[in-house]
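Below is one structure, written out as structure tokens; the observations come after it.
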Amino acid sequence: MAQGFSRRGFLLRAGAVGCSAAASPFVTPMSFAATPWDNRLVVIILRGAMDGLDAVRPWGDADFAVARPGLVAGRDAALDLDGYFGLHPALGALMPLWRAGELAAVQAVSTPYRDRRSHFDGQDLLEAGGMSLAGGVKDGWLNRMLQGVPGATAQTTYAIGQESMLLTSGAAPVSNWAPDVDLSLSAQGVRLLEMTMQDDPGLAAAMAEAVRLADADGDAVVAEDEGERMAMMQGKALRGGKGHLRIADFAALQLREAARVASFSIGGWDTHVNQANTLTRPLKRLAEVILRLRDGVGPKVWGKTTVVMMTEFGRTVRENGTRGTDHGTGGAMLLAGGALRGGRVYGAWPGLAETALYDRRDLLPTSDVRAWAAWAMRDAFGIERSQLEARVFPGLDMGDDPGLLL
Amino acid sequence: MGFDPIRAEMRFGYGRSPVIGAPTSIDAMLEGVAGPDVMAERFAIAPFEEVRARVILRRALRKQIKATDASQAERDAAITEQKALYKAAYQDGLHWLRQTMQRRVWTSTGFRERLATFWGDHFTAYGKMQVLRAGTGPYLDEAIRPNLAGRFEDMLIAAVRHPLMLHFLDQDKSVGPNSDLAQKAAGRGLNENLAREVLELHTLGVDGPYTQDDVRQLAELFTGLNWTPHKGAIFRKRAAEPGAETVLGRRYGAAAEIAPVEDVLRDLARHPATARHIARKLAVHFVADVPDRDLVAAMEARYRETGGDLVAVYEAMLRHPAAWRAQAGNIKRPEAFVSSSLRALAVPEDVLGAWKSGRINRQLRQPLARMGQPWQRPLGPDGWSEEDRAWITPQGMAGRLQWALGVPEVLRQEVPDPRDFVEVALGPVVPERVRFAARAAESRREGIALVLMSPAFQRV
């Protein structure tokens, strides 16, 4: 019984019933060569509604300072972007990227979501990519983009982190991993695990993929003896470090190799109270993640990389009664990467005069956040506009080509 | 299909135990929900009052640390005391995680513990500052557990008025724009967070018949709801928005007092949209992602007939044949996976009881996070996903396998023989493949893990 089997058997069988293991390296060793593109795309979902007006401050608009007397201190020349907009101080570490043309923002964007201002629906729509949530949601736009790409395998796309994301869910194979798991068991154990799960395709496919990823991200799963296995599993628990940086490191590692698309989330943006303090931490994290990604992939890959950072909606123009901001409509998205035509703030600025606001309270969206993601994918991967408007983002009008990438 | 004691344990409880018998009937299951709360007494969690006391102490220490006339030594002493305070709060949180697990391992009314979890999730609340972070355990024991067998409206009111909920959804920051307080202290205003979630998550549901205007008017009605570290829940007249408010077409009294707030909550609780929302959510949680329509309809009808008598709704579920279908149902969430593993292993009370906080962290808290369910910290007020696909991920499965392989570390005593364990955990109908795996495993450790990872154990 102890001879003549391997992980390979598990993966082959699980691959036959599930989708994500179908492209495992044990099954299709040529998948590296089959990588569909050379460019890279990273999508970061900022969960909780990032305040775009605070991240990319419209100092040139006289109504800005009036709307937020308790929120923003003075204008800082070192953080000036283009004479009109300025960065939040917590994003200051990204100024060199801005000067190098590797950072951009888009102001006054939103999804088609209006009026309810619920995080959960807002995020679902942002990730589902359609016009509304009516009729239910079955997959995410990043996954639908991949569905039309011949040669896209599970290694092409990584969803990173402990939660599963709607954005990457769907029929196309995607690897999902949080880089702090390690497994260690005997070859016999792997074989028996396969056997017990064979009537449950869902569990089997997820387990097979887990074994493959755990094998790939450092220590081998199958260890020689029991003592070694216990020691390995206890050792991994000691590896420390900040979660968001581990995620950036793992993304960089994959993007240097076969991966072309990576996605993860950063939370903490729901700043109802005392925003001057509460927004600093997530912004700093975001800046750290971008710099870590850039350093991790190295200059060559960074030159082919576009990072898209988007959030479910913006926040109220006026600060609320608790020195924070409430759920709004129009917001900002951020873009980074060596592939980007950066150093500019894209999007039409609607102004902050009360009559210019949406519902007299929110920044009026002047473009669809999906259109910018669509142009990024058109430019980076050559996805056809017709595909993007019909299948990836149903109902979207991409408008004129903004020339987002170099 | 109807009542089956094994399925009652697996689907409606925290799984089988080698030392505690299964319920004998639906009546027994329902009686178990209503009787004295034996588990809460045996594995106690402190009252929220103790959490409040920490907030008071923290305020005093902050004042001391910032005081301009304090000496360096005095300031240092306060900083040291503050660190100790944070540590104690953190350790309490771990202790209460252990107590919750103990309740699930030792209960003979598993359905009650599952309901406590379900409703605690429905009314998700957690602390957003260090000393309040452990507050969820006490909140659940005060607002949720005593109301499991009552009317939905009573649980709703208890949850909405609880200090932790008021803190979590920023109600304690909200002030009526035309209230006395707003006149005197400029820059204080309305916060809609709690009102929105009450409509969207707690009562009518996100597809419910409400508008942005209902949210705002409900938020204005709520403006008196508050709490203080000294008194707990209070009604703060000075912050209450004057005048009547209209929610879903009904006017609620102009008097700035608690009565109209309770009125609107009772009306929301009895609304047909709430009946539908709650019936469906219970059926999805206990039976399947796409529950039998007739089952949901029966529960919804009972809810409406009884005005939200929860035991009647539970009974409608348990008396319906679709609740007992033989087909495997939902995947256990990580918490239930861990709890039911501990229960099947009958981890001795004093073993778990003797764990220091570091061990609770390593063996329970961190693994739960790795499986995708950090303890009492869902991403937002909508709680944990009911969808199986949210949990059946490579990451989630890897976390479960890693934990299952670590069972010897949990027990620190001889691991049971997998051949016996498989009968205890799954019996009497054990899938032949799992029985074979338990026998063929190379070590006891892997044998136990294989049983815990089997679809028969994970899907109920």
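Of note:
- Residue within region A:81-92 that is under 20 Å from the mean Cα position of the chain (by Cα) and closer than 16 Å to A:VAL307 by Cβ present: yes
- Scanning region A:159-184 for residues that are in contact with a helix residue (DSSP H, G or I) (Cβ under 6 Å, 6 or more places away or on another chain), modelled with pLDDT of 80 or more and outside any loop (DSSP other than H, G, I, E, B), we see that the one that is farthest from the other protein chains (Cβ to nearest Cβ) is A:LEU167.
- A search for C-beta distances below 6 Å between a residue of region B:102-118 that is more than 14 Å from B:ALA22 (Cα to Cα) and not assigned by TED's automatic domain parsing to the domain that holds B:ASP37 and any residue that is acidic (Asp, Glu) and modelled with pLDDT under 95, counting only pairs 6+ apart in sequence or on different chains, returns nothing.
- On inspection, A:ALA252 qualifies as modelled with pLDDT of 90 or more, away from chain B (no Cβ under 12 Å) and crowded, with 18+ Cβ neighbours inside 10 Å.
- Filtered by the rule that a residue be over 16 Å from A:LEU357 (Cα atoms) and either free of Cβ contacts under 8 Å to residues at least 60 places away in the same chain or assigned to a strand (DSSP E or B) (or both), region A:100-117 gives A:LEU103, A:ALA104, A:ALA105, A:VAL106, A:ARG116.
- B:ASP154 vs. criteria among the acidic types (Asp, Glu) and in the same structural domain as B:ILE258 (by TED's automatic domain parsing): no
- Note on region A:44-69: residues that are of a type in the set (A, V, I, L, M), touching a Leu at 6+ places or on another chain (Cβ under 7 Å) and not in a helix (DSSP H, G or I) amount to 2.
- In a residue-by-residue description of region A:323-343, the property of being of a type in the set (Lys, Arg) and buried (at least 18 other Cβ atoms within 10 Å of the Cβ) applies to at least one position.
- Unmet requirement for A:LEU406, which otherwise passes all of (1) modelled with pLDDT of 95 or more; (2) surrounded by fewer than 17 Cβ atoms within 10 Å (Cβ to Cβ); (3) more than 27 Å from A:ASP61 (Cα to Cα): (1)
- Scanning region B:37-73 for residues that are of a type in the set (Lys, Arg) and either in contact with a Leu (Cβ under 8 Å, 6 or more places away or on another chain) or farther than 14 Å from B:LEU132 by Cβ (or both) returns B:ARG42, B:ARG54, B:ARG58, B:ARG62, B:LYS63, B:LYS66.
- Residue within region B:398-407 that is crowded, with 18+ Cβ neighbours inside 10 Å, in a loop (DSSP other than H, G, I, E, B), within 11 Å of another protein chain (Cβ to nearest Cβ) and among the polar types (S, T, N, Q) present: no
- Test: residue in region A:307-325 that is touching a helix residue (DSSP H, G or I) at 6+ places or on another chain (Cβ under 6 Å), closer than 30 Å to A:ALA258 by Cα and among the aliphatic types (A, V, I, L, M): yes
- Pairs with Cβ under 6 Å, 6+ apart, first in region B:138-151 and of a type outside the set (Ser, Thr, Tyr), second in a strand (DSSP E or B) and modelled with pLDDT of 95 or more: B:ARG151/B:ASP309
- Boolean, B:VAL430 is without any contact (Cβ under 8 Å) to a residue 40 or more places away in the chain, more than 8 Å from every other protein chain (Cβ to nearest Cβ) and under 30 Å from the mean Cα position of the chain (by Cα): no
- Only one of the numbered conditions (1) at pLDDT 80 or above; (2) in a helix (DSSP H, G or I); (3) touching a helix residue (DSSP H, G or I) at 6+ places or on another chain (Cβ under 8 Å); (4) surrounded by 18 or more Cβ atoms within 10 Å (Cβ to Cβ) is not met by A:LYS284, and that is (4).
- Filter pass, B:VAL429 being assigned by TED's automatic domain parsing to the domain that holds B:LEU345, out of contact with any Gly (no Cβ under 7 Å at 6 or more places or on another chain) and farther than 20 Å from A:GLY202 by Cα: yes
- Members of region B:301-352 that are without any contact (Cβ under 8 Å) to a residue 60 or more places away in the chain, buried (at least 22 other Cβ atoms within 10 Å of the Cβ) and among the acidic types (Asp, Glu): none
- Being at pLDDT 85 or above and touching a Pro at 6+ places or on another chain (Cβ under 9 Å) holds for only one residue in A:GLY48, A:GLY18, and it is A:GLY48.
- Among (1) assigned to a loop (DSSP other than H, G, I, E, B); (2) within 23 Å of A:ALA73 (Cα to Cα), the one test that A:GLY338 misses: (2)
- Residue list for region A:270-297, filter: within 14 Å of chain B (Cβ to nearest Cβ) and basic (Lys, Arg): A:ARG281
- The set of residues from region B:99-135 being under 12 Å from the mean Cα position of the chain (by Cα), among the polar types (S, T, N, Q) and in a helix (DSSP H, G or I) comprises B:THR100, B:THR117.
- Single match in A:ALA258, A:ALA262 (criterion: assigned to a loop (DSSP other than H, G, I, E, B), in contact with a Phe, Trp or Tyr (Cβ under 9 Å, 6 or more places away or on another chain) and at pLDDT 85 or above): A:ALA258
- Qualifying position, being touching a Lys or Arg at 6+ places or on another chain (Cβ under 6 Å), over 21 Å from A:ALA214 (Cα atoms), in contact (Cβ under 8 Å) with a residue 60 or more places away in the chain and away from chain A (no Cβ under 11 Å), among B:VAL460, B:VAL415: B:VAL460
- Identity of the residue in region B:353-396, more than 21 Å from the chain's Cα centre (by Cα) and without any contact (Cβ under 8 Å) to a residue 12 or more places away in the chain, that ends up nearest to the other protein chains (Cβ to nearest Cβ): B:PRO394
The values are calculated or read from the model by the stated rules, or taken from the named source; none is laboratory data. If you're wondering where the values come from, they're calculated on a predicted model, not measured in any experiment. Here the Cβ is made from the backbone with ideal geometry for all residues, glycine too, and neighbour counts use every protein chain on show.
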